[in-house]
Number of protein chains: 2
Amino acid sequence: MAMASASTGRPRASGSSLTGQGTRADILAAGAALFCTEGYGGTSTHALAAAAGIRQASLYHYFGGKQAVLLELLLGTVQPSLETAAQLLARDEHPAVRLWALCVSDARLLAAGEHSIGSLYLLPELADERFAPFHERRAELETAYRTLVAACGVDDPGAGAALVLALVENVILQRRRGAALAPERIAEAALRVLALDPSEAAASGPALLADLG
Amino acid sequence: MAMASASTGRPRASGSSLTGQGTRADILAAGAALFCTEGYGGTSTHALAAAAGIRQASLYHYFGGKQAVLLELLLGTVQPSLETAAQLLARDEHPAVRLWALCVSDARLLAAGEHSIGSLYLLPELADERFAPFHERRAELETAYRTLVAACGVDDPGAGAALVLALVENVILQRRRGAALAPERIAEAALRVLALDPSEAAASGPALLADLG
């Protein structure tokens with residue numbers, strides 16, 4: 001079976017990977033680049049495979065189609081923040097300090113990477129049920145924000161969490177315009193919007209973030 | 001020449017307009033619907049013309065192509081706010097009250113219409129120079145925000161205006177998720193993020209807005 005792989009369109013050995021992290025990572029990198037520069041609707045699986053340096057048939061060994069590539073890219077904009085949120089919810093620092101740390105961490109994630117995957121959040125295609133796992137994880141993240149906002153003693157934590165996320169997620173629009181605010185500045189603004197004094201969080205938040213590792 | 005119009009693909013009389021506002025408005029309505037539900041990349045001028053109830057050749061009597069349709073839709077998300085901003089900059093109410101009114105007015109505009117044109121702000125296609133007029137008008141609006149923020153005595157009015165716009169423009173992401181905050185709530189949050197007390201603006205802002213007409 002292994003001998004047949006070259007002739008049936010199986011991927012190259014990972015030694016020739018474009019990203020150096022294997023074919024799967026190459027496909028994700030190609031998807032990020034093409035979806036963010038050419039547009040998702042206009043990108044074919046053929047173009048995706050070509051940009052990843054593999055044949056179209058090989059792509060289907062890794063992903064069910066371009067939807068699956070987009071879904072994995074989108075999950076990557078939420079999953080690390082969910083893990084940070086779970087760590088923060090289990091700690092006992094003042095909730096405002098933990099909220100500050102979550103905002104900084106999440107804003108950094110949205111600002112990271114060569115291509116702004118967050119700019120794909122508004123694609124009409126995301127209404128398709130195949131993207132439900134992304135919407136569910138994003139809703140879980142909003143719940144984590146709401147829990148921390150509620151722990152700060154804010155009235156109507158649902159609206160408070162929406163305002164905080166508005167500031168954090170605006171990193172996406174800022175990147176589009178080529179000028180993003182510093183994550184620490186966004187986190188301070190998030191506390192201010194909740195009528196909380198950000199000075200203690202700004203002072204002790206960096207140590208908390210460093211401690212999360 | 002007029003007799004030839006039916007056979008050369010000229011538009012119907014406006015009496016048969018789908019929107020009741022003429023063929024040009026029909027094309028814009030069709031563009032808003034298709035770009036926001038099917039995606040911009042996947043919408044052909046043929047589909048655009050069909051949805052507007054005209055022939056493809058007729059569409060070119062009104063617009064140079066689908067880029068021109070998108071450009072006009074995008075300008076419609078900024079132009080009314082620019083006009084409101086110009087009125088507000090010429091008045092003598094306290095700048096925080098005028099900033100509150102601009103936020104409410106702008107958030108209402110982004111929340112208006114059956115389709116969320118703002119969701120097209122992140123399209124990679126907008127990097128094309130044909131969309132420069134939109135980016136220029138949007139930059140003018142940000143300048144108007146900055147002028148009002150500076151008049152409030154805020155340090156670093158550039159960053160302050162960016163935070164205020166982050167809250168206002170998040171209406172776009174909120175609509176995508178089906179739950180938008182009230183414009184007045186967003187405007188209060190905008191003053192709070194600048195460390196300004198929103199109570200006076202919330203009290204006298206509505207009368208100012210009503211006076212603008």
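The values are calculated or read from the model by the stated rules, or taken from the named source; none is laboratory data. These figures come from a predicted structure and were not determined experimentally. Using ideal geometry, Cβ is built from the backbone for each residue, glycine included, and neighbour counts are taken over all protein chains shown.
May I ask you to list the residues in segment A:123-153 that are touching a residue at least 60 places away in the same chain (Cβ under 8 Å), over 16 Å from A:Leu82 (Cα atoms) and not acidic (Asp, Glu)?
A:Leu123, A:Arg130, A:Phe131
When you go through (1) over 26 Å from A:Glu188 (Cα atoms); (2) facing chain A (nearest Cβ under 9 Å) one by one for B:Phe131, which number turns out not to apply?
(2)
Let me confirm something: among A:Thr19, A:Thr43, which residue is part of a loop (DSSP other than H, G, I, E, B), of a type in the set (Val, Ile, Thr), over 16 Å from A:Glu125 (Cβ atoms) and not assigned by TED's automatic domain parsing to the domain that holds A:Asp128?
Only one candidate qualifies: A:Thr19.
A:Leu82 is checked against (1) touching a residue at least 60 places away in the same chain (Cβ under 8 Å); (2) surrounded by 23 or more Cβ atoms within 10 Å (Cβ to Cβ) and fails just one. What number does that condition carry?
Condition not satisfied by A:Leu82: (2).
So which of B:Ala139, B:Ala150 ends up being part of a helix (DSSP H, G or I), of a type outside the set (Ser, Thr, Tyr) and surrounded by 14 or more Cβ atoms within 10 Å (Cβ to Cβ)?
B:Ala150
Keeping to segment B:136-153, report how many residues are facing chain A (nearest Cβ under 9 Å) and within 12 Å of the chain's Cα centre (by Cα).
1
If we keep just the residues of segment A:98-124 that are in a helix (DSSP H, G or I) and of a type outside the set (A, V, I, L, M, F, W, C), which is farthest from the other protein chains (Cβ to nearest Cβ)? Reasoning before the result, please.
Restricting attention to segment A:98-124, the residues satisfying the condition of being in a helix (DSSP H, G or I) are A:98-111, A:117-120, A:124.
The next check asks that each one be of a type outside the set (A, V, I, L, M, F, W, C); those that pass are A:98, A:105-106, A:108, A:118-119, A:124.
Numbers: A:Arg98: 20, A:Ser105: 18, A:Asp106: 14, A:Arg108: 16, A:Gly118: 8, A:Ser119: 4, A:Pro124: 5 Å.
The selected residue is A:Arg98.
Can you run down the residue pairs with Cβ atoms below 7 Å, 6 or more apart or on separate chains, where the first is in segment B:95-122 and without any contact (Cβ under 8 Å) to a residue 12 or more places away in the chain and the partner is among the small types (Gly, Ala, Ser)?
Here the result reads B:Leu122/A:Ser119, each pair linking segment B:95-122 to a residue that is among the small types (Gly, Ala, Ser).
Considering only segment B:154-213, give the helices (runs of 4 or more DSSP H) lying wholly within it that have at least 2 residues that are more than 9 Å from every other protein chain (Cβ to nearest Cβ), touching a residue at least 24 places away in the same chain (Cβ under 8 Å) and surrounded by fewer than 23 Cβ atoms within 10 Å (Cβ to Cβ).
B:183-193, B:199-212
Listed residues A:Ala101, A:Ala90; which is surrounded by fewer than 22 Cβ atoms within 10 Å (Cβ to Cβ), among the aliphatic types (A, V, I, L, M) and out of contact with any Pro (no Cβ under 7 Å at 6 or more places or on another chain)?
A:Ala90
Kindly indicate the residue of segment B:34-51 that is away from every other protein chain (no Cβ under 14 Å) and more than 21 Å from the chain's Cα centre (by Cα) and also surrounded by the most Cβ atoms within 10 Å (Cβ to Cβ) among those meeting that condition.
B:Ala49
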